[in-house]
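Structure record follows, encoded as structure tokens.
The values are calculated or read from the model by the stated rules, or taken from the named source; none is laboratory data. The model shown is predicted, which means the values in this text are computed figures rather than measured ones. Every residue, glycine among them, receives a Cβ derived from its backbone with ideal geometry; neighbour counts consider all protein chains shown. Protein only, heavy atoms only, side chains kept; ligands, DNA and RNA dropped before computing areas. Shrake-Rupley method; radii C 1.70, N 1.55, O 1.52, S 1.80 Å.
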Amino acid sequence: MRAGALLGDERAAPVGGVALLGDEGARLLAGPSADAGAESFAAQRARLGPLVLGTPEDTRSLIGASGLLGRGGAEFPTALKLAAAAASGALVVVNASEGEPASRKDELLCRFRPHLVLDGACVAARAVSGARAVVYVHRRRGGAALGAALAERTEDGGVALGLHEPAERYIAGESSAVADALAGGAGLPRRRSFASARARATVVINAETAAHLALLARGGAAWFRAAGSDAAPGSTLVTLAGGFARAGSVVELLAPVALGRLAAATGSLGAPEAVLVGGYAGTWVPGAAAAGLSIGRGGAVPLGCGVLAPLEGASCGVAETARLVRYLARESSGQCGPCLHGLAELAARFDALALGTARRRDVERTRALAASLRGRGGCGHPTGVAQLAESALEVFADEVHRHSAGAACAAKAVGLPLPREEQPCPWR
Amino acid sequence: MPVALNPRAARLALDGTRCDGHGICALRCPERIALDQWGYAVVADDPIVEPRTLARARRAAAACPAGALVLLAPASSAGR
């Protein structure tokens, strides 16, 4: 085991605890820079040494001692998740579908560190006494690189590895939808407590979580816990979207860092009016508070899928939120009444706000509607959109007030990226 | 994190993907189930200890035409 390659980062910590791909002192992002393309199997083994798998019990103990929390959004303790699946010899599914429009961290791992993702799949499989693992990934978002990486591997640790192409929709990445797809279903969310026997025999972990397992298996729990915080150990990846100067770039946080310092370290252009933290179904944070906000797992504002999206200078928070709510409403799987009807109504209400056709009482009804959608439906989608909506109404209260007095949105630019916008937005 | 369950109490659980808004459940067990503005069930998932409520909850679960409602037994995660 090349312990030095792992321990070296403690002696050469990146500036301000923020690392880019190829930086000395990074963990997941350590190794060759982007110019070198995917790190080959041979190069990764030369850098990190072989992957040595312990017994299933030892593997689960190691993961438990590390305190690793899932990096897919829910921050669920990985050891608990794997322990629950351990009795059934479950199929491990590594979720790299990354349906969150602005997120790129999982794709970056698949493209540049595919063997971390694949090694992690093997570690997880060993933890559940399983012999199979599948990476759920789009071909053009890292799947091709993983396919090439699979062909290179000369050791399999007794785990058969494969790939599965997800459907092209946002909800395809929801973990019960992933399990459903792998069980031969339509790939839509299923309530866990009612899951079919086939769907129950899968355990889904995020691609970044798998990559952490690959390093943990080599470095051990103490090394792992030397990064991050006590409550949420380990480093974490974030994607900078929207207003950050290097939009779309992925950085690794070795410890919680103030957002202002992160912005300075990555070359942001100034103080945004607000920042959307945790993905589009996340939480708006006002600009004044944003600079001092501690960014990291287990922080005051949930980091979710790790997307940080500042509001562009020329954009309006209300219009931007309306655009996101409309997108998220369209991406409902349509299986649950409150989600299908509730999000459609929420989108219509936010459109009215942005257009200036809503009034004060409509604002209160919008807030009440959002609150009523929390916890409804068969998956976390409506709750996420409710969170976005409620935080927008609070953070952009001044703009909401102006709009509800009859002023249409004056925004000229729309910043946050969305895939394939099929319907024109009414305010553009 | 999963909510810790009282191992001695049952609770109702709704599969939102199956609920079609028939509304029978709310008639059978109004103390735990209401209908939203579109007619879909809003189910309180706190533990049920009172015997008559438990009986009504069991009837509500049995009455759902869509099989969307279950009464989860103590210390178990499946079954009716």
Hand me the list of helices (runs of 4 or more DSSP H) wholly inside the range A:45-124 holding 2 or more residues that are among the aliphatic types (A, V, I, L, M), open to solvent by less than 40 Å² (accessible area, probe 1.4 Å) and modelled with pLDDT under 95. A:78-86
Can you tell me which residue in the range A:135-148 is farthest from A:Gly279 (Cα to Cα), limited to those that are open to solvent by 20 Å² or more (accessible area, probe 1.4 Å) and out of contact with any Phe, Trp or Tyr (no Cβ under 9 Å at 6 or more places or on another chain)? A:Ala148
Which count do you get for residues in the range A:352-368 that are over 11 Å from A:Ser404 (Cα atoms) and open to solvent by 10 Å² or more (accessible area, probe 1.4 Å)? 3
So for the range A:309-321 (the condition being open to solvent by 50 Å² or more (accessible area, probe 1.4 Å), modelled with pLDDT under 90 and over 24 Å from the mean Cα position of the chain (by Cα)), does at least one residue qualify? yes
How many residues are more than 8 Å from chain B (Cβ to nearest Cβ), surrounded by fewer than 22 Cβ atoms within 10 Å (Cβ to Cβ) and in a helix (DSSP H, G or I) when one looks only at the range A:330-350? 7
Sort out which residues of the range A:190-236 are within 14 Å of chain B (Cβ to nearest Cβ) and modelled with pLDDT of 90 or more, and write them in order of number. A:Ala231, A:Ala232
Is it the case that the range B:7-24 has a residue that's closer than 18 Å to A:Gly337 by Cβ, modelled with pLDDT of 95 or more, within 9 Å of chain A (Cβ to nearest Cβ) and open to solvent by 50 Å² or more (accessible area, probe 1.4 Å)? yes
Would you tally the residues in the range A:149-169 being under 23 Å from A:Gly99 (Cβ atoms) and open to solvent by 40 Å² or more (accessible area, probe 1.4 Å)? 8
Please go through the range B:9-46 and pick out each residue that is in a strand (DSSP E or B) and either of a type outside the set (Val, Ile, Thr) or free of Cβ contacts under 8 Å to residues at least 24 places away in the same chain (or both). B:Ala10, B:Arg11, B:Leu12, B:Ala13, B:Leu14, B:Ala34, B:Leu35, B:Ala41, B:Val42
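Do we have A:Arg361 as outside any loop (DSSP other than H, G, I, E, B) and free of Cβ contacts under 8 Å to residues at least 40 places away in the same chain here?
On the way: outside any loop (DSSP other than H, G, I, E, B): yes; free of Cβ contacts under 8 Å to residues at least 40 places away in the same chain: yes.
Spelling it out, A:Arg361 is indeed outside any loop (DSSP other than H, G, I, E, B) and free of Cβ contacts under 8 Å to residues at least 40 places away in the same chain.
Out of curiosity, is A:Gly187 part of a loop (DSSP other than H, G, I, E, B), free of Cβ contacts under 8 Å to residues at least 24 places away in the same chain and surrounded by 18 or more Cβ atoms within 10 Å (Cβ to Cβ)?
Here the answer is yes, as A:Gly187 does meet what is asked.
Just name the residue that is surrounded by the fewest Cβ atoms within 10 Å (Cβ to Cβ) out of those in the range A:170-184 that are among the small types (Gly, Ala, Ser) and over 18 Å from the mean Cα position of the chain (by Cα). I'd like the intermediate steps shown before the answer.
Keep residues of the range A:170-184 that are among the small types (Gly, Ala, Ser), which gives A:172-173, A:175-177, A:179, A:181, A:183-184.
Then keep just the ones that are over 18 Å from the mean Cα position of the chain (by Cα); that gives A:181, A:183-184.
Working: A:Ala181: 23, A:Ala183: 18, A:Gly184: 10.
The qualifying residue surrounded by the fewest Cβ atoms within 10 Å (Cβ to Cβ) is A:Gly184.
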For the range A:318-333, check the following and say yes or no: at least one residue is hydroxyl-bearing (Ser, Thr, Tyr) and over 26 Å from A:Ala96 (Cβ atoms). yes
Do the conditions hold for A:Ala389, that is, is it in a helix (DSSP H, G or I) and more than 14 Å from every other protein chain (Cβ to nearest Cβ)? yes
Flagged pairs (Cβ under 6 angstrom, 6 or more apart or on separate chains; first in the range A:269-294, of a type in the set (Phe, Trp, Tyr); second open to solvent by less than 60 Å² (accessible area, probe 1.4 Å)) are A:Tyr280/A:Leu324; A:Trp284/A:Ala274; A:Trp284/A:Leu276; A:Trp284/A:Ser391; A:Trp284/A:Ala392; A:Trp284/A:Val395
